[in-house]
Every structure is written in C-alpha cells, then in structure tokens.
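Written out below as structure tokens is the structure these notes cover.
The values are calculated or read from the model by the stated rules, or taken from the named source; none is laboratory data. The model shown is predicted, which means the values in this text are computed figures rather than measured ones. Cβ: placed from backbone, ideal geometry, glycine included. Neighbour counts: every protein chain shown. Protein only, heavy atoms only, side chains kept; ligands, DNA and RNA dropped before computing areas. Shrake-Rupley method; radii C 1.70, N 1.55, O 1.52, S 1.80 Å.
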Amino acid sequence: MTSTFAERIDALRTLTGRGAKLSGSVVVDQRYSHFQHERLDLHHPRGGGPRFLSQPLMDHYHDYLDDYAKTVLTDGGQPAMKRSMEHLSDAVELTAPVEFTDLRRSGHPSVTLGGRTVYDRPPKQRRLTAEELRAKSRMRMHALQAAGLPWFFTRHGKVIRVPGKGERGRL
C-alpha cells in the first residue's frame, strides 16, 4: 500500500459507514406471531414451538458475529449482516409452530445502515387478514374433527383442548 495511514483510515470509515449504526432485523408479521412466540404453555402437536425467533438467534449469534468480524474490514459488514438475517429468517421456517405454514413463511429480514435501509426482502407469506385467519381456523377445526383427532383453541387467553374420537373429555 502506498497510501498514508490517514488515507487508509478515511477509506475504512467510508467503507464502514463513518460510524453509522449497522443493524439487522427479522420481523415475523402475523396477527398471532407474538402470542405463539411468547406462550411456552401452548401445545404444538404438528411441530415447531415457542421462541421460534429468539432461540435460533441465541443458538447462532456467535456465527453471525464471527462472519461480521471476518468481513467488516473488506466490505463494511453489510453482506454479513444480510446473510445473518436471511439465516435467521430461514430458521423461523424450521422452528415456528406448524399449522398452515403461514407463520413459518412470514420472516421478513432487513438491514439498515445509519437509519437507511440497505436490504429488505419481503416475507414469503404476507400478513393474513382477520377474516382469512378465521376461515383457515374453521377449515382446520373441521378437518381435525372429521379425522377424529383432538384440536386446540384459545378462549380468554386459556388453551382449550377438544378431545378426539374415543377420548374422554369435554369442552
């Protein structure tokens, strides 16, 4: 390198955004996502479970930071942040509760630098309307009843289990 130290520091500042904050996020935007994420007492017989966003983050944050540290001086870290947020969004597809895959496919990764969006991929599944959710819920309930399987719903924040054929129980 033939440039001076000051020139190299200035190039590094330009590359990394001159002190601008680089941040990434994944939003899971369905009407019921917060409820499903926080309620540890919910039963998920078809797979997935609570903490479907925070648990993968805790499991992989070292990998995300390592990737960023290895690349920040060559590309400013934005590609590493994008990879990390995409990975976290993909993890939601594996860990969120299964019902109709709406929740699993709702990860919306984005990256900002100094408050300016530098990456924004829309979710694979758009946010469902309240009517669409009611219709899917009714369809699922009827399918489970026809198959003689138990099903669950919430009333006033309490989980209600409706027994399947041949099971004892009541509403």
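For the subset of segment 106-115 comprising residues that are modelled with pLDDT under 95 and out of contact with any Leu (no Cβ under 6 Å at 6 or more places or on another chain), which member is surrounded by the fewest Cβ atoms within 10 Å (Cβ to Cβ)? Give the derivation first.
First pass over segment 106-115, keeping only residues modelled with pLDDT under 95: 113-115.
Narrowing further to those that are out of contact with any Leu (no Cβ under 6 Å at 6 or more places or on another chain): 114-115.
On the way: Gly114: 12, Gly115: 8.
Here the answer is Gly115.
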Exercise. In segment 79-113, what residues are within 30 Å of Met139 (Cα to Cα), assigned to a helix (DSSP H, G or I) and either in contact (Cβ under 8 Å) with a residue 60 or more places away in the chain or not small (Gly, Ala, Ser) (or both)?
Worked result: Ser89, Asp90, Val92, Glu93, Leu94, Thr95
Exercise. Hey, does segment 76-97 have a residue that's surrounded by 11 or more Cβ atoms within 10 Å (Cβ to Cβ), within 25 Å of Gly115 (Cβ to Cβ) and at pLDDT below 90?
Worked result: yes
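Please state which one of Tyr64, Tyr32, Tyr68 is more than 18 Å from the chain's Cα centre (by Cα) and of a type in the set (Phe, Trp, Tyr). Steps first, answer last, please.
Working: Tyr64 fails: more than 18 Å from the chain's Cα centre (by Cα); Tyr32 fails: more than 18 Å from the chain's Cα centre (by Cα).
Matching residue, one of Tyr64, Tyr32, Tyr68: Tyr68.
Of the residues that make up segment 34-45, is at least one part of a loop (DSSP other than H, G, I, E, B), of a type in the set (A, V, I, L, M, F, W, C) and open to solvent by less than 80 Å² (accessible area, probe 1.4 Å)? Before you say what the answer is, go through the steps one by one.
Within segment 34-45, the first condition is being part of a loop (DSSP other than H, G, I, E, B), and the residues that meet it are 39-45.
In the following step, the residues that additionally are of a type in the set (A, V, I, L, M, F, W, C) were identified as 40, 42.
Then keep just the ones that are open to solvent by less than 80 Å² (accessible area, probe 1.4 Å); that gives 42.
Yes, there is a match, as at least one residue in segment 34-45 is part of a loop (DSSP other than H, G, I, E, B), of a type in the set (A, V, I, L, M, F, W, C) and open to solvent by less than 80 Å² (accessible area, probe 1.4 Å).
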For this session: Can you run down the residue pairs with Cβ atoms below 9 Å, 6 or more apart or on separate chains, where the first is in segment 57-78 and outside any helix (DSSP H, G or I) and the partner is open to solvent by 80 Å² or more (accessible area, probe 1.4 Å)?
Result: Gly76/Thr14
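Can you find, within segment 1-23, the residue that is nearest to Gly77 (Cα to Cα) among those that are within 37 Å of the chain's Cα centre (by Cα), assigned to a helix (DSSP H, G or I) and aliphatic (A, V, I, L, M)? Quick ask: steps written out before the conclusion?
At the first step, the residues of segment 1-23 found to be within 37 Å of the chain's Cα centre (by Cα) are 9-23.
If we keep only those that are assigned to a helix (DSSP H, G or I) too, we end up with 9-15.
Cutting the leftovers down to aliphatic (A, V, I, L, M) gives us 9, 11-12, 15.
Working: Ile9: 16, Ala11: 14, Leu12: 12, Leu15: 9 Å.
Looking at residues that are within 37 Å of the chain's Cα centre (by Cα), assigned to a helix (DSSP H, G or I) and aliphatic (A, V, I, L, M), I get Leu15.
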Exercise. Does Leu57 qualify as being surrounded by fewer than 18 Cβ atoms within 10 Å (Cβ to Cβ) and within 26 Å of Trp151 (Cβ to Cβ)?
Worked result: no
